[in-house]
Amino acid sequence: MRYAQGGGLTNDQRWLRQDIRVIAARRFAQGAPSSVIAKELGVNVRSVQRWRRAWIEEGQQGIHSKGPSSRPRLTDSEIRVLERELAKGSVAHGWLEQHWTLARVKTLIAQRFNVTYTVQGVRKLLLRRGFFYLPSRASDQNTQAISGWVKGAWLQDA
């Protein structure tokens, strides 16, 4: 199986996913139905069917992960640079308000690294890196604060 950007998993999580496929292969050898294996392992039946097909065609090697389908758009060192840039704040990068929005982070990545992401891609990247969405407190009378709440601010998880 191939997952873009490493599937957003740590190495430990990748090994856990691999262990699940190995357990599934043992159950294939025992003749267990895909639906039973899926329920036992807490995975999708279609995944189990795909693993079984690969196991039948290629044996034990067929169920092993092929790694990410593509290289990450940003390297680990570039992501560390991005985190330092985000820590400087949005004002340091030319915005008037001191909060990060997904669109602003997307723009920063494009300007700094000449790499394009979608807004949702930026969201997933930030979540994988331990950032979280922190809405501002907004009142009905304060449209600026409401706008800030909708767009939010990305802060490093402490």
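Observations on the model:
- A residue that is of a type outside the set (Lys, Arg), outside the structural domain of Leu125 (by TED's automatic domain parsing), more than 24 Å from Leu125 (Cα to Cα) and at pLDDT 90 or above occurs nowhere in segment 4-19.
- Among the residues of segment 61-96, just one is closer than 20 Å to Leu16 by Cβ and among the charged types (D, E, K, R), namely Lys66.
- Check on Glu58, over 30 Å from Leu16 (Cβ atoms), among the acidic types (Asp, Glu) and at pLDDT 70 or above: no
- Filter pass, Gln141 being at pLDDT below 70, loosely packed, with under 13 Cβ neighbours inside 10 Å and touching a Lys or Arg at 6+ places or on another chain (Cβ under 9 Å): no
- In this entry, Arg52 passes the filter for residues that are assigned by TED's automatic domain parsing to the domain that holds Trp15 and either farther than 30 Å from Ala24 by Cα or touching a residue at least 24 places away in the same chain (Cβ under 8 Å) (or both).
- Test set (1) at pLDDT 90 or above; (2) within 30 Å of Tyr133 (Cβ to Cβ); (3) within 22 Å of the chain's Cα centre (by Cα) - Ala92 fails condition number: (3)
- Condition met for Arg46 (at pLDDT 80 or above, assigned to a helix (DSSP H, G or I), outside the structural domain of Val105 (by TED's automatic domain parsing) and within 18 Å of the chain's Cα centre (by Cα)): no
The values are calculated or read from the model by the stated rules, or taken from the named source; none is laboratory data. All values derive from a computational prediction rather than experimental measurement. Using ideal geometry, Cβ is built from the backbone for each residue, glycine included, and neighbour counts are taken over all protein chains shown.
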